[in-house]
Each structure stands twice: as C-alpha cells, then as structure tokens.
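Chemist: Dropping the structure in here first, questions after.
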Amino acid sequence: MDYIKPNEVIQSVAKAGEKKSSLSVVHILLKGILSGAFLGYATTLAYQASTQTGMDIVGAIIFPTGFVMILLLNLELVTGSFAMLPIAKFRGLVTTPKILRNFTWAFTGNLIGSIFYAILFTIAITKFGHLSESLVIDKIIAVAESKTVDYKAIGAGGYVVVFVKALLCNWMVTMGAIMAFTSHSTIGKIAAMWIPVFIFFGQGFEHAVVNMFVIPAAMMLGADITVGDWWLWNQIPVTIGNFIAGFVFTAICFHIITKEKSPSIELVTKDKAS
Amino acid sequence: MDYIKPNEVIQSVAKAGEKKSSLSVVHILLKGILSGAFLGYATTLAYQASTQTGMDIVGAIIFPTGFVMILLLNLELVTGSFAMLPIAKFRGLVTTPKILRNFTWAFTGNLIGSIFYAILFTIAITKFGHLSESLVIDKIIAVAESKTVDYKAIGAGGYVVVFVKALLCNWMVTMGAIMAFTSHSTIGKIAAMWIPVFIFFGQGFEHAVVNMFVIPAAMMLGADITVGDWWLWNQIPVTIGNFIAGFVFTAICFHIITKEKSPSIELVTKDKAS
Amino acid sequence: MDYIKPNEVIQSVAKAGEKKSSLSVVHILLKGILSGAFLGYATTLAYQASTQTGMDIVGAIIFPTGFVMILLLNLELVTGSFAMLPIAKFRGLVTTPKILRNFTWAFTGNLIGSIFYAILFTIAITKFGHLSESLVIDKIIAVAESKTVDYKAIGAGGYVVVFVKALLCNWMVTMGAIMAFTSHSTIGKIAAMWIPVFIFFGQGFEHAVVNMFVIPAAMMLGADITVGDWWLWNQIPVTIGNFIAGFVFTAICFHIITKEKSPSIELVTKDKAS
Amino acid sequence: MDYIKPNEVIQSVAKAGEKKSSLSVVHILLKGILSGAFLGYATTLAYQASTQTGMDIVGAIIFPTGFVMILLLNLELVTGSFAMLPIAKFRGLVTTPKILRNFTWAFTGNLIGSIFYAILFTIAITKFGHLSESLVIDKIIAVAESKTVDYKAIGAGGYVVVFVKALLCNWMVTMGAIMAFTSHSTIGKIAAMWIPVFIFFGQGFEHAVVNMFVIPAAMMLGADITVGDWWLWNQIPVTIGNFIAGFVFTAICFHIITKEKSPSIELVTKDKAS
Amino acid sequence: MDYIKPNEVIQSVAKAGEKKSSLSVVHILLKGILSGAFLGYATTLAYQASTQTGMDIVGAIIFPTGFVMILLLNLELVTGSFAMLPIAKFRGLVTTPKILRNFTWAFTGNLIGSIFYAILFTIAITKFGHLSESLVIDKIIAVAESKTVDYKAIGAGGYVVVFVKALLCNWMVTMGAIMAFTSHSTIGKIAAMWIPVFIFFGQGFEHAVVNMFVIPAAMMLGADITVGDWWLWNQIPVTIGNFIAGFVFTAICFHIITKEKSPSIELVTKDKAS
C-alpha cells in the first residue's frame, strides 16, 4: 500500500525529526543554505508567473516547486522543523537542547542561502546594476514593503496582523511537511505536500524563510526598507508566529490525535518525555 | 492491485465509520476543529482564485485541496460522516447512539475550527480593521448574503431551494469520502476524491461546514446578516439536507448495491442490524 | 505490472459484462439511477465552466468527472454496456435475453436518475422558479434546442446528422469503458478513461444518457421542445446510433483483434457462442 | 521498479515489432483503421481547442489523446512502425518482406480509417451539407491548403520544406512509440508518450496519418485541393520523410546506443541480422 | 517503496556517472547529438507557446519535455554531467581523464545535435527561405541577441551577468538530473525532474546546450550576431559558469550532505579518491 495512515505518518515524522536533531552542524548548515536558495528560486519564479499573468494565484500554484525539492532531498527548512522536532520530542526521541541546536543552525543556513541567492539574483535581474525597473523588480519591492513598512505604518495593530499571518502561514507549511509523509511514492509525496504550500502562498501569509530572500533582495533593489524594519516588523514576529503555529496547531494537535492506538509509543513517552 | 473494487470500498468505508464512532470526544473535537479550519483555508484560497480570474470555476478546481488534507489525515468532517457512519450501521458495526455522539462532537469541532479560522483570517484580510474592502472581502460578503438573506427574501420557496442545494451538495461530498477509498495509493485517493468535491463547489451548492466559515466570516466583515439569518435560513436546513443526502443517496444506495456478493456481511447485518 | 495488455483488457471487459448481465433488477436500476444523476452533475458543471470561460473545450475537459465516478464505482451506464455486453456475448459468457434485460433496466435507471437530477437542479438554478435566465439556464436551453428542433428543421438530413453524431459519440464512450481496463491503478484508470470521453464531449456529439438530462431539464426551464421532439428527433435515433457504434466499432472490432492469441478463449467461443 | 531502462526499452520495442510483423492481414488492417480514425478524432478535437482559444498550442497539448489510445491498445500506426520494425530487424527478429507487408497494410488501414472518420465528421460538422462555414471547417481547410498548395506554390523548395517537416515530425512520433515503453504503468506510459507527440503537433510538422484525415476532409469541405496536390505535394513526400526519420534518427541511433551491454542480443544479431 | 532517499539517490547518481565515463566515444557522441536535438525541439516548442500566449512562463512550463526525454532515455547532456561525474569522482568511481573525455565528447555531440536541429528547423520555419518573419523567428532572434550582443554592450559587467546567469541555470539543471533519481517510477521521475528545469527556463537563465541551438539558429535566421559574439560573450562564459555551478553547488554539496551515514562508501572514498 502506497498510502500511509496518519498514525504511521506522525511516527515517521517523529523519526525524521530525531534524525534532524542528530545531524552535524555542517550538514544542518549546508542543507539549510540549499533550502534557503531553493525557496528563493521558487519565489522569483512565482513572481515571474504572477507578473506575466497579472494573477498572483498563478505564482502561488508554482511556488511549491522549491518546497518539493527541499523535502524530497531531505534538506533543512527551519519552519518545517518547527513542527517536526517538537513531535519527535513528544514521542521521547529528542531533547530540547538538540532541538534548539537544529533550529539555530537551520535558521542560520536558511538565512545564508536566501541572501546568497538574493545577491546572485539581483545581479542577474538588474544586469549588474544596468537595469533598475522591471515587472519582477517592482513586484519584489512592492511585496517586501507590504511585508515591513506597511505593518509599521499601522503601528501596534501591524504587529497583530503580521503575527496572525505568520500563524496562518506556518500551520500550512508544517502541514506540508506532514503531508509529504502520507505516501511511499515520489508522485504521491509531491502531490500531497504541494497542497498546503500552495494554500499559504496563494493568500500572501508570512513565511520566515521566504522573507529572508524577499526583503533583503528588495533592499538590494532599492526598496525603502531598513534592516530594523526587516527584523523588527517582519523577521522576528514572523519567526515567532511560525514557531507557535508549528508547535501548537500542528505538533501538539497531531501528536494527540495520533497517539492513542499505539501503546508502545505511549510507554516511551511516559518514560522519556515530560 | 492499487484500484479497489466497490464492494471492498464500501466495506472499508464501514470499518472507517466504525473507528470514527469509537474515537474519544477529545479526538473527535480536535479532528473536527482541524477540518473546520482546513476547509476555511481552502475556501479563502478558492475565493482568491475566483476573484483574481473572474471565474468561479477556477476557485472550484482549487477548493478540494482542503478536503484532501482532511481525508488523507483521517480527520473528522461531519458531512462526510453523514454517509460513512450510517453505512457502518447498516453493516452492524456501530450503534445509533454512537453515531449521534460522533455527529454532535464532529459538528461542534467543525464549527469551532471554522470560526477560529474566520477570526484569524478576518484579522489578516482587514489588516486588523484597517481595511474594509477588497476583492476577497466583497466576495465573502456577497456569497454569505446569497446563502442567507437571499433565501429569506424568497420566503418559503427559499427553504426549498436551500434544502435542495444542500441535498445536491452532500451527495457529492459523501461520494468524495467514498471515492477516497477506491485506491491504495495517495495519488489515486487524491485524484478520486477531488472529482466530486470539485463538482459540488463549482455549482455553488450548500455545504454545512463551508458555511460555518463563510457566514460568520462575512458577519465579522460587515455583512448584513444576523445570527438568526445564519442558522434559520442556512445552517439548520443545510445540515438537514446534507444529512439526508448522505444518508439516503449515498449510504442506503451504496449499501444496497454492494452488499449482495458478500454472504458473511449479510449474516452480520441479519444478526446485528435493524 | 500496472499496465494491462489489450488481450487481457478485452477478456476483463467480457467478464465485467458477464457480471453486469447477472445483476438483480434492483441493482441495475439503482446503479443506473446513480449513473444518470452523476452524468447530470458532470454536465451542469461542464456548462458552468463553458459559460464562465466562453470556451466549450474547458467544459469538455471537466465533463469526464462524472464518467470516472460511474466506472470506478462499477455503476450501470447503458451506453458503455452497448459494447461490454456484446463482447461478453462473443466470448460465450452471456445470452442475448440477459443482455436485453440489462439494457432495458440500465436505460430505465439512467433515465430516472437523469430526470431526478434535472428536477433538483432546476429547482436550484431557478431558485424554485424565481429566476428564469442565467448563463447556465440559457446554455442548457440552447444546447437542447440544437439537439432536437434544429435537427427537425433540417428534416430527413437531420436524421442522418443526429445518427452520425450518435455513432461518433459512442465509439468514444465505449472506448472509455475499455480504456478503464488498461490499468490496475486508480490513477491509471482515471487518466485512460478520461481521454475518449473528453474527445466526444469536446465535439458536441450525441450521447443518449447526457441527453436524458439536458433535454428534459431544458424543457423544465422553458425550452421550446415537445416530448415528441425529444424522443423522435433525439432520444430514439441517438440510442440506436449509440448502440450500433458500441456494437460494431468497438465490440466487434476489439473482439476480433484480441481473440487470436488465446486458444482457451477460442475453445469457449466455439462451444458456446454463435 | 516501474521505470524501465533504455536497453530493456529498445529490446521490448524490438519484440513488439516482431509481434507486429506476425499479425494477420485482417488484424493489421482493422488495427490500422482504428488508428486512423482515432487520430482523426484527436485532430478535430485539437482544432476545436485551437479555434476556441485562438492558440494552436492548446490544440497541440490535447492532440496526443489519440496517440495514447492507439499505443495503449497496441493498434497499428504505420509511422510508429517505421522505427519499431527496423529495430526488430536490427535485432534479427523480423525479415524485410514481413516489414513491408506490415507497412503496406498498416498504411492502407490508416488511410481507410482516416477517410472513414473524415466522412462521418464531415456529415456532422456540415449538418449533412446545411452548413459550409464554421471555425473548425475554416481551420481544416486552411491547414490542408497550407499542407499542399502552399508547398506547390513555392515549387522545388516546397519539396525540401515538406520533406524536412516530415523528418522533424516522425523523429518525435517514433520517439513517442519508444517513450511508451519506458514504464510498466499506464500513467507512466501516458505521460512519457504524450511528450514527443505534443512537441511535433505543437510545431505543425508533417505526419502522414494525420494528413490522411486533414487533407481529404478539407477536400470534402470544399478546399481547393486536388487528389494530385494531396499525394504529390504531401502524402508521398511526407510518408518518405516520416520513414527516413523513423529509420535513421530513431531506429538506427537507438539500436546502436543500446546494443552494447547485452551480449546475448549481440550474438543474435551476429547470427541472424545483416 | 517508490520514493528513494537522498543518500541512495546520490549513490545512484555516482554509479550513473561511472557508467557515463565508461561509454564508447561513438555512444557519447550519438547520445549527445540526440540530446542537443531534443533540447532544440523543446526550445522551439516553448517559443511557440510563449509567442502564442504572450507569456514566457507558459513556454517555460513546456520546456522540460526535452529534458525528460533525455534523462528517461539516459542520453548525454554535458551540463547534467557537470555534476554527475564529479559526484562519481568523489565516490572514487571515475578518474579525471575519463571525466574530461566524457565532457569533451558530450559537449561536441550536444553542439552537433543542436546545430543539426537548427538547420532543419530553419528550413521549416522559413519555408526554405521564403519567409523571413514570424512570431517564432522574431523571438529566436530577440532571445539570441539578448544572450550575446546585449551582454557585449554592457562590457565587463556583461561578463558578470552572463556568468551569474550560467551559475543560476546549471544549479537547477543539475538538480533536475539528481531529482530524476528520487523515484523508481517513470511518472515520479518526470514530475521530480520537471521542477528544477521549469525553474531555470522560466527565469531566462543561461544554459550552454540550449544556447548551442538558439544562437546559431538566430544567426541563420538573420540575427546580428557574429561567431565571436556567440562564443566569447556567451558559449564560453556560460559553459564555465554551468560547470562551476554543477561542480560546487550540486556535486560538492550533495556529496557532503549524503556521505555520512554509509561507512562502506567512506571506505571506498578513503582508498581511491583524492
């Protein structure tokens, strides 16, 4: 049977989380860099599609390409790990320090990869500075400004909005990480994980790793955004919101709803967890 | 063989219904909340697509994303259960009280999840109240009004229409729940269950759980709908219509057409059922 | 191996035909009703797509949804049986009276299901008579008139056209029934059977069961068509044309081209058939 | 493993070619007739799509439907055989007279089937002569004239063009026949063979069997083309070009690049071939 | 299990690289010629789609067709080998001279195949010189000029841009070669490899083999490009950039992140490599 039932899915997620926690720093970092770059690629492709068709939904249906590459090749995406490692923890397979170590280096790797791609992409799209406007350049700047200075303009309410959008985003991203485990086949994994990622990107929710590319790229392209705007009004609240969604909505919920019928797991969690 | 023949499909549906009936209340509630939220996500994505393209059919082809997540992860959607648990009953696997217990908590969970998503989504789409109009806001309001006050305006005939649309909807939703069992593979399940859900959403029929999101969301967004309008002119008649369609058109029909060739099942139904 | 070679395909079709012939009348009727209704659903969805996009080809690519549901769930569609049961006959597995019995009740079931859906759909689309015009209402009326009174207007030549269009239609529909047997997997079956059904609907050929919905629905919606127009200028010649295409182009041809290399089958046909 | 490696693919192609060569004349003819008709169906569907959307590329993506039916059902398409039988010959599995016998009857069958479909289609599309213009009628006439009298207008250069377009076409068609063998599954075969057929049709290259439908259909529909134009300026040079592409670019090349690593095959070819 | 985990994927890539290194020159050359021609076909099809729809993204989604044919049939594409053979080297399976031999002949084959297709295509598209303008002709010329004389116009900065675009391209092309190994099934391979190739082509990055077709074709079609422009401002820097991306971003990175958990491989690399 190619299809995998939810209880087994979550147990596989837990084991995958365990493996992630035991990777060397070099591996986490390198895998994180690749993930950051691949999401950057997918984002710029999506913007090509959006600007050419005039419809963001077309970009959104294309965006999961990058996510698929990351998950099929088992790379490190910190937002996905926000649910996978806690699930491993609830099943007694990892310790909190190991989780924090993974989060730290995966986040760092994602950031490096995103900025690396942003530099290369900016050189390409601006013809090394000889071009300052194009549909995609304008799109990147507009998106990045809407993700930073627009929240700032609203003030405290802006924090609520960015935080809620971060929750709404990573509930789906972590569901994508879980959906990928519902199949033994590559085509099944691709189709299953495509869905939630399409859902979040199509509604413009806030994803920490996508923003690691979009905002610095926009800054290089001349957007009116400071480093402070980026981190205070986006990167920090989005990362927190992404974590909470992954931890609460996905990790806790799916741990609970799938733990019942496997007594051996419960024994383990009694002994090791909490 | 990946493809599963109808007799085996319905027997699997019956067993799945049996399992649903024996879940703890916490599990039903939590699974119901997730389902409600996921359908909300799919609905707002569909409206993004509809409003951007100006074609509801594009939204409809996207909408089944939420349904696929629910079924692949074996969550609780009361409208699907309207056929699955009766089939389990006809095969002597569950009792009526257990069915009603499932319906009650699944309905409650779906309602909580839908409203929870409606709150988060409303914060995001209105920028915490700083924005009162957009294509998607207008769409949600227009749809919700057409699903409530428009029926009320017609009077008694409005009840006939909303009830018939609820029948037409859940015949297909429950067919989606059944089609998901026609394959052992994830891609096969996705493709098979996509079809009937696409069919109902593409024609604007009335689905109790979708409405648990659309109508309260529209109310939060300023639609001219009262709680009474919601429940009297939509939620209650739609839930009844959805149940009857699931019970009569799907559960009874498919129980009958697939029971003949498995004598062991018939023995069971003679002993336990009716 | 998931793919199934033609000789085995036709032998499976023959066995499926045999099973169809031995179903009880209640089963044939109930399965026929479901098929009629499901094709109705698919037809109205296709018209939604056609009218919203202004392109009939978009409706055509969606239409096979209903056919897929029918075949995956092994329901009774008389037009598909027009080839399947004759193949079973050529292989010595059924008798002519049993074929006629299946045809009669499947046709009746298809008709009841189609009209049942037409009634429900008409209530929904007209808001129980409060609405008399919409893109889809106009489409249904226009299509139904082109399928009846337009032929009548041409006279004898109209009979030739409707008959030829019925041949062209059911050659493909029966090929869809056969293509569904080329795979052991659900996704393979869906893809394979989608093709010929898309081909016929995309060219507006005449399908007896689709017309059982479209014409009465149009009549309820106010089209200028009499019951005589429906049966004399469409239902009867289309059913005959559908049968001849299924019998000659598909059943006879595929029986011949696949019988050679299986001596055991030839023995059977020598003994029982002809 | 569902995927099949190239060496095994070509060996399977060779064996399929062997079987083709040993079919009875009735089988080749009947299978050829079905193929001709099915390609005709696909062509007219493609033209529906092209004319409705105003984009030939949409028609092209739909056209492989006919080819898929032919290959999944193992029918006879002379242009595909132009590579498959030579490969069987290089592997010592068939003799040249048997190849010529297959080519002759497959060509004849394809021609009969194409013209048979052209007659039925012409009756349908013209409403038995009551309609002389429509988007599809105009398209068929325009395409057919561009495939005949337009080459004639250029003179000798026209021969070069039609021949080169025939080469470019059948390189891809024969690749489609080979790609179909790269998978054990129906969905894999469909996807793999779709690609090269889409490529050739999307660029308007010259395919002998498609032209057996398009040109006579156009003549029936009133195109200014004589039988001489059809055969001298299209059918004959296209068939020759199709054969050379299949023989040289596909059969010889793929025989060479896949023969090395299977010594048993080489022994056979030493003994029997050359 | 159809899906293949990354460690096994890279080991399979290494073995495939080993086989590539041991092919005869005739095989490499012939396989390279086929690859060059197939990419040419895919490029011109993509341009048909782009010009008809006015959207390059539509062409991009079609372009991977050629790449899929190449990889499913295990042909030689030098840009893909830029990562595959170094991985084989890191795992101690090939020697540097063998790698250079493969690169040389694959490059030569790709060049011959591309130019061969360019000649045939130019004859077809210009009607042997009777037509000098069309949407596709203009597109090829415009693209080729943007890939050569436009860089030259910028001067030194143009070199930076073309080099960066070559890096960005072949990171994805080599990822496509790797993604193809993530599945045992044909459909899984097709879907997985489609993604990165779509990503690069959709953004207009620089691919050495595509350019072997586009630039000479444009020259034949009358573009204002000299052989010097082609090689100095595109072919040479693009080939170098493509190699570096394949070697550094893909080969080194994926060798490192996948080597840890297979001690037997590490032993081999200790003994034979570096």
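The values are calculated or read from the model by the stated rules, or taken from the named source; none is laboratory data. Bear in mind that the values here come from a model prediction, so they are computed numbers and not experimental data. So basically every Cβ, Gly included, is an ideal-geometry build from the backbone, and we count neighbours across all protein chains shown.
Chemist: If you scan the stretch D:86-122, which residues turn out to be hydrophobic (A, V, I, L, M, F, W, C) and within 19 Å of D:I33 (Cβ to Cβ)?
Modeler: D:F103, D:W105, D:A106, D:F107, D:L111, D:I112, D:I115, D:F116, D:A118, D:I119, D:L120, D:F121, listed by residue number.
Chemist: Being within 11 Å of another protein chain (Cβ to nearest Cβ), assigned to a helix (DSSP H, G or I) and either of a type in the set (V, I, T) or touching a strand residue (DSSP E or B) at 6+ places or on another chain (Cβ under 6 Å) (or both) is the requirement here; does C:T65 meet it?
Modeler: yes
Chemist: Within the stretch C:44-63, does at least one residue satisfy the condition of being at pLDDT 95 or above and under 22 Å from B:I257 (Cβ atoms)?
Modeler: No, the stretch C:44-63 has no match at all.
Chemist: While we're on this one: Give the stretch D:121-154 a look and list any residue that's in a loop (DSSP other than H, G, I, E, B), in contact (Cβ under 8 Å) with a residue 12 or more places away in the chain and over 22 Å from C:I57 (Cβ atoms), or say none.
Modeler: Across the stretch D:121-154, the qualifying residues are D:S132, D:K147, D:T148.
Chemist: Quick one: would you say E:K147 is more than 9 Å from every other protein chain (Cβ to nearest Cβ) and within 19 Å of E:V214 (Cβ to Cβ)?
Modeler: It is true that E:K147 is more than 9 Å from every other protein chain (Cβ to nearest Cβ) and within 19 Å of E:V214 (Cβ to Cβ).
Chemist: Go through the residues of the stretch A:90-98 one by one and say whether even a single one is part of a helix (DSSP H, G or I), over 30 Å from E:A245 (Cβ atoms), in contact with a His (Cβ under 8 Å, 6 or more places away or on another chain) and at pLDDT 95 or above.
Modeler: yes
Chemist: Out of (1) farther than 30 Å from D:D2 by Cβ; (2) among the basic types (K, R); (3) within 13 Å of chain D (Cβ to nearest Cβ), the odd one out for E:K31 is which?
Modeler: Here E:K31 clears every test but (1).
Chemist: Going by the structure shown, is B:F121 among the aromatic types (F, W, Y) and more than 24 Å from B:F181 (Cα to Cα)?
Modeler: Considered against the rule, which asks whether it is among the aromatic types (F, W, Y) and more than 24 Å from B:F181 (Cα to Cα), B:F121 comes out as yes.
Chemist: Restricting the search to the stretch B:41-62, which residues are surrounded by 24 or more Cβ atoms within 10 Å (Cβ to Cβ) and more than 10 Å from chain A (Cβ to nearest Cβ)?
Modeler: Matches in the stretch B:41-62: B:T43, B:I57, B:A60.
Chemist: Same structure, new question: Any idea which of (1) within 24 Å of A:T44 (Cβ to Cβ); (2) not in a helix (DSSP H, G or I) is the one E:I57 doesn't satisfy?
Modeler: Failing condition for E:I57: (2).
Chemist: For B:K147, indicate whether it is surrounded by fewer than 24 Cβ atoms within 10 Å (Cβ to Cβ) and touching a helix residue (DSSP H, G or I) at 6+ places or on another chain (Cβ under 6 Å).
Modeler: no
Chemist: If A:I112 meets every condition in (1) crowded, with 19+ Cβ neighbours inside 10 Å; (2) in contact with a Leu (Cβ under 9 Å, 6 or more places away or on another chain); (3) within 14 Å of another protein chain (Cβ to nearest Cβ); (4) of a type outside the set (D, E) apart from one, which number is that one?
Modeler: (1)
Residue by residue, here is whether (1) within 13 Å of another protein chain (Cβ to nearest Cβ); (2) surrounded by fewer than 17 Cβ atoms within 10 Å (Cβ to Cβ); (3) in contact with a strand residue (DSSP E or B) (Cβ under 7 Å, 6 or more places away or on another chain) holds:
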residue	(1), (2), (3)
C:K89	no, no, no
C:S134	yes, yes, no
C:V143	no, no, no
C:V162	yes, no, no
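Chemist: Here's a follow-up. Among the residues of the stretch C:164-181, what is the count of those that are hydrophobic (A, V, I, L, M, F, W, C), more than 16 Å from D:A191 (Cβ to Cβ) and either within 9 Å of chain D (Cβ to nearest Cβ) or more than 17 Å from the chain's Cα centre (by Cα) (or both)?
Modeler: Qualifying residue count for the region: 7.
Chemist: Here's a check for you: in the stretch C:233-259, which residue that is among the aliphatic types (A, V, I, L, M) and under 12 Å from the mean Cα position of the chain (by Cα) is nearest to D:K31 (Cα to Cα)?
Modeler: C:A245
Chemist: Separate question: In the stretch E:223-237, is there at least one residue being at pLDDT 95 or above, among the hydroxyl-bearing types (S, T, Y) and touching a strand residue (DSSP E or B) at 6+ places or on another chain (Cβ under 9 Å)?
Modeler: no
Chemist: Continuing with the same structure: Can you tell me which of (1) within 14 Å of chain B (Cβ to nearest Cβ); (2) within 21 Å of the chain's Cα centre (by Cα) is the one A:K139 doesn't meet?
Modeler: If we test A:K139 against (1) within 14 Å of chain B (Cβ to nearest Cβ); (2) within 21 Å of the chain's Cα centre (by Cα), just (1) comes out false.
Chemist: Looking only at residues in the stretch B:10-28 that are within 14 Å of chain C (Cβ to nearest Cβ) and crowded, with 23+ Cβ neighbours inside 10 Å, which one is farthest from B:V214 (Cα to Cα)?
Modeler: In this case the residue turns out to be B:I10.
Chemist: Then there's this: Does the stretch B:182-222 hold any residues that are assigned to a helix (DSSP H, G or I), among the polar types (S, T, N, Q) and within 8 Å of chain C (Cβ to nearest Cβ), and which are they?
Modeler: B:T182 - this is the single residue of the stretch B:182-222 that is assigned to a helix (DSSP H, G or I), among the polar types (S, T, N, Q) and within 8 Å of chain C (Cβ to nearest Cβ).
Chemist: Can you tell me which residues in the stretch D:68-120 are within 22 Å of D:T43 (Cα to Cα) and without any contact (Cβ under 8 Å) to a residue 60 or more places away in the chain?
Modeler: Residues satisfying the conditions are D:M69, D:I70, D:L73, D:N74, D:L75, D:E76, D:L120.
Chemist: Further question on the same structure: Going through the stretch D:8-22 one residue at a time, which ones are in contact (Cβ under 8 Å) with a residue 24 or more places away in the chain and closer than 18 Å to D:A180 by Cβ?
Modeler: D:V9, D:I10, D:Q11, D:S12, D:V13, D:A14, D:K15, D:A16, D:G17, D:E18, D:K20
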